[in-house]
Amino acid sequence: MNKKIWLSAPHLSGEEQKYVRDAFKTNWLAPKGPNIDAFETDLQNYLGGKKEIVALNSGTAAIHLAMVLLGVTEGDEVLCQSLTFAATVNPIIYQGANPVFIDSEEETWNMCPVLLEKAIKDSISKRKKPKAIIAVHLYGMPFKVKKIKEISKKYAIPLIEDAASALGSEVQGEKCGTFGDYGIISFNGNKIITTSGGGILITNDKEQKEKAIFFATQAQDNTPHYQHSYIGYNYRMSNVLAGIGRGQLAVLNDRVKARRRNFEFYKRELKESGYLFLEELSGVKSNRWLTCMLTNTFEEREKIRKTLLENNIETRPLWKPMHLQPIFQNYLVFTNGISENLFSKGLCLPSSSDLTEKQLQRICSIILKHTI
């Protein structure tokens, strides 16, 4: 059997072990240390130098801390993109708040600005103003930043930018993760670079960063004894994992190039098939974390997915919208049917940055051979 082709596998640079060895050599194994400081600084510089970075143990923790810092609490409403992973939504529930799901638009597959504004007006007129907006750069494709930010500002509702998959993506030359009141990026094992498990919270200033660190380290008061006036969390990244991140960050630009190469290969080889690929809008650069295509029918997508699986090649359907998930089905949703159609016909193709041309050609050949 041919070697397994994964959807999105980690791709080491070779530099990670140097920083990890330093952590062990200096006994910095705790959730503080020189690797964390350097990783945060390097990320701050990469993202343009204007924001503050807090290294955490997951992207989910970053979203949760954004909720805490915004004062989201029981009974509040948070407007959330429906076509996303559950980790975007779960922190809303952690705070006892209610998600209001917003469907997608066709050009980026992300949050629809028209439905977003409709939902805001509905909440204000019938209940109360929403506490926050969570918009997602799906699969590394930036959402309509200008329009979503305009709505956020118009109604004075803070924007949490879920850039979990969008490190290296840009809009008008500005890096994704820097557009919201808070931004988050994930370094899970399947992301464009990884710390095994980890993420960052991106804040506007040092005061917000210090508050985030306070809550991420069990909210311990500044006393010689252990005293706590607030509920805290164990969310800080370890110095060891930050060392992995430093080695990964050094090759980020190469990883973006490789993922974008994958996209162009698929689009070129499959252009005669009639499948649709998500194109970039003017001024937008996607890191192409995952290359996704739309087939013509659910049956066609499933035939391709199962055939590739039989050939030891991993793919995934697009995210099942959150408003269709059993756990979230009773929450309010503003829908236009787009996310459901994308879920029905969409397929995420293998997109690892170390894929060879031979592997890419094999994948495409199987797809074309088994197209309905």
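Outside the structural domain of Val284 (by TED's automatic domain parsing), touching a strand residue (DSSP E or B) at 6+ places or on another chain (Cβ under 7 Å) and either buried (at least 21 other Cβ atoms within 10 Å of the Cβ) or not in a loop (DSSP other than H, G, I, E, B) (or both), is that true of Lys153?
No; evaluated as a whole, the condition is false for this residue.
Suppose the filter is surrounded by fewer than 23 Cβ atoms within 10 Å (Cβ to Cβ) and either within 21 Å of Ile231 (Cβ to Cβ) or among the hydrophobic types (A, V, I, L, M, F, W, C) (or both); does Ile102 pass it?
no
Looking at Arg288 and the list (1) charged (D, E, K, R); (2) crowded, with 22+ Cβ neighbours inside 10 Å; (3) not in a loop (DSSP other than H, G, I, E, B), which single condition is not satisfied?
Going through the list (1) charged (D, E, K, R); (2) crowded, with 22+ Cβ neighbours inside 10 Å; (3) not in a loop (DSSP other than H, G, I, E, B), Arg288 breaks only (3).
Does region 121-129 include one or more residues that are buried (at least 19 other Cβ atoms within 10 Å of the Cβ), hydrophobic (A, V, I, L, M, F, W, C) and in the same structural domain as Cys176 (by TED's automatic domain parsing)?
no
If you take the residues of region 60-84 that are surrounded by 19 or more Cβ atoms within 10 Å (Cβ to Cβ) and either assigned by TED's automatic domain parsing to the domain that holds Leu290 or in a loop (DSSP other than H, G, I, E, B) (or both), which of them is nearest to the chain's Cα centre (by Cα)?
Thr84
Kindly provide the set of residues from region 125-150 that are part of a helix (DSSP H, G or I), over 29 Å from Phe187 (Cβ atoms) and either in contact with a Phe, Trp or Tyr (Cβ under 8 Å, 6 or more places away or on another chain) or of a type in the set (Ser, Thr, Tyr) (or both), ordered by number.
Ser125 - this is the single residue of region 125-150 that is part of a helix (DSSP H, G or I), over 29 Å from Phe187 (Cβ atoms) and either in contact with a Phe, Trp or Tyr (Cβ under 8 Å, 6 or more places away or on another chain) or of a type in the set (Ser, Thr, Tyr) (or both).
The values are calculated or read from the model by the stated rules, or taken from the named source; none is laboratory data. Remember, predicted model here, so these are calculated numbers, not experimental data. With ideal geometry, Cβ positions are generated from the backbone for all residues, glycine too; neighbour counts draw on all protein chains shown.
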